[in-house]
Structure formats: structure tokens, C-alpha cells
Amino acid sequence: MKIYVGNLSYRMTADELKTVFSQFGQVDKVDIIIDRDTGQSKGFGFIEMPVNGEAEKAIAGLHGTEIGGRTITVNQAKPKTDAPRGRPQRHR
């Protein structure tokens with residue numbers, strides 16, 4: 001299951017995040033999203049856990065907890081949509 005983690009400390013590393021989630025089970029992948037222009041963390045990322053039961057326990061156990069001085073948001077990642085970014089354009 002792919003898990004969204006939001007409101008991360010900008011100093012949080014992928015290894016630190018993996019350690020936190022590993023308490024609940026096997027972690028296959030950790031991605032902290034980085035701003036292309038600045039090279040800085042955007043404050044959110046994704047975790048992939050192969051066992052759904054373990055992923056659900058991680059979501060329940062970590063959502064709303066404080067890590068690195070910030071209260072994190074943890075939930076099942078939603079599939080990416082193809083919706084355009086920015087303002088909708090009007091067609092005449």
C-alpha cells in the first residue's frame with residue numbers, strides 16, 4: 001500500500017522516515033518530495049509498505065503524531081489524477 005505523509009519537517013531524511021514506519025512492518029520504499037528548483041524538501045512524501053495490514057497499523061498509529069516538532073498527516077495515498085494544474089482556462 002502506498003501511504004501519503006504530510007507536514008514533515010524540512011530536515012527529515014528518507015532514512016529517518018523509514019525508521020519511523022519500520023516499527024509497524026516492512027517498508028519497501030520511501031520518497032520525500034524535493035523541490036526541483038531549490039533542492040529543498042517540500043514537506044511531504046510517500047511510503048510503500050507491501051503488507052496492507054501493517055500499512056493500516058502505521059496509518060492509525062502515526063496520523064496526528066509529532067515528529068521533528070511537527071504534527072504529521074498520514075493516510076492512504078490517492079491515485080494521481082490527470083487534472084491540469086493552475087487556474088482553469090476558459091474556452092470561448
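Within the stretch 43-76, which residues are in contact (Cβ under 8 Å) with a residue 24 or more places away in the chain and hydroxyl-bearing (Ser, Thr, Tyr)? Passing the criteria: Thr71, Thr73.
Residue-by-condition table, conditions (1) touching a Ser or Thr at 6+ places or on another chain (Cβ under 8 Å); (2) on the phi > 0 side of the Ramachandran plot:
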{"residue": "Gly25", "(1), (2)": "no, yes"}
{"residue": "Asp35", "(1), (2)": "yes, no"}
{"residue": "Met49", "(1), (2)": "no, no"}
{"residue": "Thr65", "(1), (2)": "yes, no"}
{"residue": "Asn75", "(1), (2)": "no, no"}
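Filter the stretch 41-72 down to the residues that are among the aliphatic types (A, V, I, L, M), in contact with a Gly (Cβ under 9 Å, 6 or more places away or on another chain) and closer than 17 Å to Lys29 by Cα and list them by number. Hits for the stretch 41-72 are Met49, Val51, Ala55, Ala58. Candidates Tyr10, Tyr4: the one that is within 16 Å of Gln76 (Cα to Cα) and aromatic (Phe, Trp, Tyr) is Tyr4. If we only count strands (runs of 3 or more DSSP E) wholly inside the stretch 1-68, which ones have 2 or more residues that are touching a His at 6+ places or on another chain (Cβ under 8 Å) and surrounded by fewer than 14 Cβ atoms within 10 Å (Cβ to Cβ)? Ranges flagged: none.
Rule-based calculations on the coordinates, nothing more; no lab input. Computed from a predicted structure; not experimentally measured. Because the Cβ atoms are built from the backbone with ideal geometry, glycine has one as well, and the counts that use them run over all protein chains shown.
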